[in-house]
Amino acid sequence: MTGRAPNHVATDRMGPALAPLASRHLRRRDPVLGAVVARVGPCALVPRGDPYRYLVRAVLYQQIAGHAARAIEGRLKAAYGGRLPAPDRLRAARAPTLRKVGLSRQKIVSLRAIATAFDDGTLANRRLARLEDDAVIAAVTQLRGVGEWTAHMLLMMSLGRPDVLPVGDYGVRKAARDLYGLADLPKPNELTELAEPWRPYRSIAAWYLWRSMDTVAP
């Protein structure tokens, strides 16, 4: 990951137990972000979903409106008994079946790549949970349709890693620009430098940056 210190597997997942420690750290180390923390309140970022299903949903939601993606997800689940299909079933799914639920040819290719990797053991939920952050990124970005941004979101939202900085996320970059009075959206190296005081809670700092855009000061 761009700009990370020598990394290790996080022993603490994000959640209620970690949130107060992170909040105190951010308020102490960065007065600008600390004001956002005070205004927004406790961090509510809790990891959900196993890596396989997170990646499947990430592809479903890429580059289309949320309501359209939710409709496609609903139809896909309905075709498989109300749940996202397991890797072996998704790998074996015929293209006409997947097109019928609204998936494009490109997304079908991506979903099959994910399903194949998890079905043949190239990737596994437990193995990903044990890998260092950079190793997770390297592993999943080998898959068609999975880029660095998706890998960062996987680390934060599924694996619960507390010190991930999504340098390519537009919302994080826009919030940083507005909060810190920057002339332009920060480039990855600029955002990394700005975020140095937030270690080892950069995931939680990113959550506060997202929230800063939809929370107004009293």
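Computed quantities for the displayed model
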read-out	value
Some residue of region 37-52 being in a helix (DSSP H, G or I) and under 16 Å from the mean Cα position of the chain (by Cα)	yes
The one condition in (1) in the same structural domain as PRO197 (by TED's automatic domain parsing); (2) touching a Leu at 6+ places or on another chain (Cβ under 8 Å); (3) exposed (fewer than 15 other Cβ atoms within 10 Å of the Cβ) that GLY41 fails to fulfil	(2)
Tabulated pairs, region 62-76, first in the same structural domain as LEU98 (by TED's automatic domain parsing), second among the hydrophobic types (A, V, I, L, M, F, W, C) and outside any helix (DSSP H, G or I), C-beta under 6 angstrom, 6+ apart or interchain	ILE72/VAL101; ARG75/VAL101; LEU76/VAL101
Which numbered condition ARG83 misses (of (1) assigned to a helix (DSSP H, G or I); (2) closer than 29 Å to GLY15 by Cα)	(1)
One residue from ASP169, ASP178 being under 21 Å from LEU55 (Cα atoms), in the same structural domain as LEU26 (by TED's automatic domain parsing) and in contact (Cβ under 8 Å) with a residue 24 or more places away in the chain	ASP169
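For (1) buried (at least 18 other Cβ atoms within 10 Å of the Cβ); (2) under 29 Å from ALA38 (Cα atoms); (3) without any contact (Cβ under 8 Å) to a residue 24 or more places away in the chain, each residue gets a yes or a no:
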residue: LEU103; (1), (2), (3): yes, no, no
residue: PHE118; (1), (2), (3): yes, no, no
residue: LYS174; (1), (2), (3): no, yes, no
residue: LYS187; (1), (2), (3): no, yes, yes
residue: GLU196; (1), (2), (3): no, yes, yes
residue: LEU209; (1), (2), (3): yes, yes, no
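The values are calculated or read from the model by the stated rules, or taken from the named source; none is laboratory data. Given the structure is predicted, the values throughout are model-derived calculations rather than measurements. Heads up, the Cβs are rebuilt from the backbone with ideal geometry, glycines too, and the neighbour counts pull from every protein chain shown.
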